[in-house]
Amino acid sequence: MISWSRFAVISAITRNLRAMQRSRFYSSSETKEIRLVQTSVQNKRSIEEIAGITDKDLENDEEQNVLAPKLGKNVDFSDYGPPLGRTQTFAAYVNRSPTLQKLVDLGVDLSVVEKKEGVPEKLLQLDFDKHITKHILFLTDVGVPAGDIGLLLTRNPAILFEDLEILQQRIKYLLETLGFEFTDLQRIICANPKWLCTSIDDLRKRVDFFQREFKLSLPLFRKLTLTYPRLITYKLHYIRANTFSIIVEMGFTRSELGSMLMFKPRIWTLDNKDLVERFNFLHNSLKIPHRLIAQQPHCLLARVSHLRQRHFFLHSLGKAQYDPALPNYVSLLALVTGSGAEFASNVAGTSAESFSNFLKTM
């Protein structure tokens, strides 16, 4: 019996097919305009809410012609549009490619996808009904909401090029070997779809690394994964560099490191230079001890400029007091969270206008 999530996706695809049949009554230029507007509207929602797109996902697009040849054998894209120059995009193809049109209808942002090396060539060789529909149904079967599939494929279209049997094996590894619950899959895959494109051998090595480096039991590893799924597939040399800085350069204990990792694992994905700079300002300039920073590691996620502005405003009011043993204590969490207006009112006890005027003097 077909699940409601599968039924919803199939129904959506059917509706999209009918809509595209009606679109034949429009002229070519009108259709292109409609598609481009549709793409813009559908993708107002931030993809970073699902997986956090980094600048590196968009780099190198000027160094290569990702839509030029290097195509598979016997593939003729002249049916889709004219040959593309270095500055042209999927827009030249979308009007005559049913596959691209259906991806747009699902909410895929082609302006992001086209910048991924090697992806456009492969994507133009796929037939939506033969190659893509089964992957969409697979995603719904593992818990991805139908409304999030376009965002997920925008973030990681490489899923469409993976063999379904291999994808099933990776899901089995998560469930049977690592012991995740089926309900955990949605959180892991939506937050970091790269999990589905990581080989089991690589996943094993990463599990071993985190358990060995941070002395994690398997239940703690699962908790860490669910807290921040992106960390597990992050580049290990960056994680090693930040671990070294936290222990050797900053002077935190292994116990404090473990506490910070479980509470705010995103610290390990920060640029190393930024991380060290933030710690130096908090510890060396504000004289905040390791113990308090380890207890409230949110402060390491705030930019130094942000910390500096708020600290000096409190200092101007005689309220820059971060020792919990003394009166008028201001927690590090209160220092870095909330809007400027909320900080001015709730922490500094003054008006947003006063804070704004102070910032103009810095």
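The values are calculated or read from the model by the stated rules, or taken from the named source; none is laboratory data. Here the structure is a predicted model, which is why all the values come from computation and not from measurement. Methodologically, a virtual Cβ is constructed for each residue, glycine included, from the backbone with ideal geometry; neighbour enumeration extends over all protein chains shown. Just so you know, the surface numbers come from the protein's heavy atoms only, side chains and all, with ligands and any DNA or RNA stripped out. Shrake-Rupley method; radii C 1.70, N 1.55, O 1.52, S 1.80 Å.
Within the accessible surface of the stretch 158-205, defined with a 1.4 Å probe on protein heavy atoms only, the carbon and sulfur portion equals 46 percent. To put it simply, the accessible area of the stretch 214-362 at a 1.4 Å probe is 54 percent carbon and sulfur. Here the peptides 207-213, 242-248, 101-107 are ranked by packing, the mean other Cβ count within 10 Å, and the order with the highest first is 101-107, 242-248, 207-213. Using only Cα atoms, locate the centre of the stretch 329-343 and the centre of the stretch 151-190, then give the distance between them in Å, rounded to an integer. Cα centroid to Cα centroid, the span is 38 Å.
Just the ratio, please: alpha-carbon radius of gyration of the stretch 173-227 over 2.2 N^0.38 Å, N its number of residues.
The reported ratio for this selection is 1.06.
For the stretch 228-299, the per residue solvent-accessible surface stands at 45 Å², with DNA, RNA and ligands left out and a 1.4 Å probe. The label point for Lys122 and the one for Ala325, both projected 7 Å from the Cα toward the Cβ, are 5.8 nm apart.
Calculate, for His237 and Arg308, the FRET efficiency according to 1/(1 + (r/R0)^6) with r their C-beta to C-beta distance and R0 22 Å; round to the nearest 0.05. About 0.15, to the nearest 0.05. Within the shell of other residues whose beta carbon sits under 12 angstrom from the beta carbon of Leu307, the net charge comes to +2, with Lys and Arg scored +1 and Asp and Glu -1. Under 19 Å between C-alpha atoms is the cut-off here; go through the stretch 112-243 and count lysine pairs that meet it, provided they're at least eight residues apart or on different chains. Value for the stretch 112-243: 18.
You can think of it this way: the chain between Glu165 and Thr177 has 2.6 nm of extra reach, that is 0.36 nm per residue less the Cα-Cα gap.
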